[in-house]
Amino acid sequence: MSDGTADIGSDIALGLGPAREQAGAGGEASVRDYVALLKPRVMTLVVFSGLAGLMVAPGALHPLLAAVAVLCIAIGAGAAGAINMWYDRDIDAVMSRTRSRPIPQGRVEPAEALGFGVVLSLFSVMLMGLAVNWTAAALLALANLFYVFVYTVWLKRRTPHNIVIGGAAGAFPPLIGWAAVTGSLAVAPLVLFLIVFLWTPPHFWALALYRTGDYARAGVPMLPVVAGAEATRRQMLLYTLVLLPLAPLPALLGVAGAVYAGVALLLGLLFVACALAVLRNRDPKAPKRMFGFSILYLFLLFAALIVDRAPGLLPELAPGLALLGGWAA
């Protein structure tokens, strides 16, 4: 990345901007505003992937402790989202996608959002450690610290590789779920980590392609802003091709069966087809369609993993999974 590109993000990152000064000028906060700080749609997929890690782990966890573990993952993810909104309130104010968030609209004071996020983050880690185990708690803490300090503070405004490296934060939940049951790590949850890690760049670059103007105005050096749309399309295809043989690997490791392997292969081929459509088709709606499918891809992949591990859950979970998929999309 050129020096000029680095300056794009650092000007805003260091100045904190007038939008941050004006963030508290609006009305009073409601419960809905504090829920919005938790980024509930993002949290949905995070929690679901953590549940999948918990379900496929060998051994057993008391249902109450399993519920506590999933709750801690949800609270921790939401807390990191609130801190992210606090730090990014200046760029959120100039992006059409985010300007209606509670802090730019002045409904939540920046200091309140920061305190809210920090308290929830500490609570989730302590509860996970005391109720479940400290390995899972340490991984949850690491995920939050990585998202806040590595992605939000360090990478997001400085490099087009922000999503490539920073996406690791969102890949932790399967590791946390596995560790909640076993108290340790293994190859299988690391593969689940890699699946989410490799899924993240094409997912976010698809969003960035049809929101390039937003990111350019905010000074965020997303890949389409820095390298252009063509290079971004090629990178998206490359990641989906690498993901294609990786996603079925849990079946070979014995944590899933033929149903999961078949679903993973089919979804992978469809994901590659979406990337090819974006590469070949200059229709501005193609990236938006790929972004929508990418959410469905990850949701269905982990749903297949859960169902394959516990097929008796399918009739009970089907209505809830359909609702969850619609909310995440």
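The values are calculated or read from the model by the stated rules, or taken from the named source; none is laboratory data. Given the structure is predicted, the values throughout are model-derived calculations rather than measurements. Note: ideal-geometry Cβ built from the backbone for every residue, glycine included; neighbour counts use all protein chains shown.
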Exercise. So is residue 186 touching a helix residue (DSSP H, G or I) at 6+ places or on another chain (Cβ under 8 Å), free of Cβ contacts under 8 Å to residues at least 24 places away in the same chain and among the small types (Gly, Ala, Ser) or not?
Worked result: yes
Exercise. Can you tell me which residues in the stretch 54-70 are assigned to a loop (DSSP other than H, G, I, E, B) and aliphatic (A, V, I, L, M)?
Worked result: 57, 60, 61
Exercise. Do you know which of the residues in the stretch 159-205 that are among the hydroxyl-bearing types (Ser, Thr, Tyr) and not in a helix (DSSP H, G or I) is farthest from the chain's Cα centre (by Cα)?
Worked result: 184
Exercise. Which one of 254, 228 is under 23 Å from residue 188 (Cβ atoms), surrounded by fewer than 18 Cβ atoms within 10 Å (Cβ to Cβ) and not aliphatic (A, V, I, L, M)?
Worked result: 254
Exercise. Taking residue 120, is it of a type in the set (A, V, I, L, M), touching a residue at least 12 places away in the same chain (Cβ under 8 Å), within 26 Å of residue 31 (Cα to Cα) and surrounded by fewer than 19 Cβ atoms within 10 Å (Cβ to Cβ)?
Worked result: no
Seminar exercise, completed: residue 129: passes all of (1) without any contact (Cβ under 8 Å) to a residue 24 or more places away in the chain; (2) farther than 20 Å from residue 169 by Cα but (2)
For this session: For the stretch 267-301, name all the residues that are of a type in the set (A, V, I, L, M), loosely packed, with under 14 Cβ neighbours inside 10 Å and without any contact (Cβ under 8 Å) to a residue 24 or more places away in the chain.
Result: 273
Exercise. All but one of (1) surrounded by fewer than 24 Cβ atoms within 10 Å (Cβ to Cβ); (2) under 27 Å from residue 153 (Cβ atoms) hold for residue 62; which doesn't?
Worked result: (2)
Exercise. Among the residues of the stretch 71-84, is any assigned to a loop (DSSP other than H, G, I, E, B) and more than 30 Å from residue 247 (Cα to Cα)?
Worked result: no
For this session: Sort out which residues of the stretch 93-109 are of a type in the set (A, V, I, L, M) and farther than 13 Å from residue 36 by Cβ, and write them in order of number.
Result: 93, 94, 95
For this session: May I ask you to verify whether residue 23 is modelled with pLDDT of 95 or more and either among the charged types (D, E, K, R) or surrounded by 21 or more Cβ atoms within 10 Å (Cβ to Cβ) (or both)?
Result: no
For this session: Looking only at the stretch 214-236, decide whether some residue is among the hydrophobic types (A, V, I, L, M, F, W, C) and under 28 Å from residue 69 (Cα atoms).
Result: no
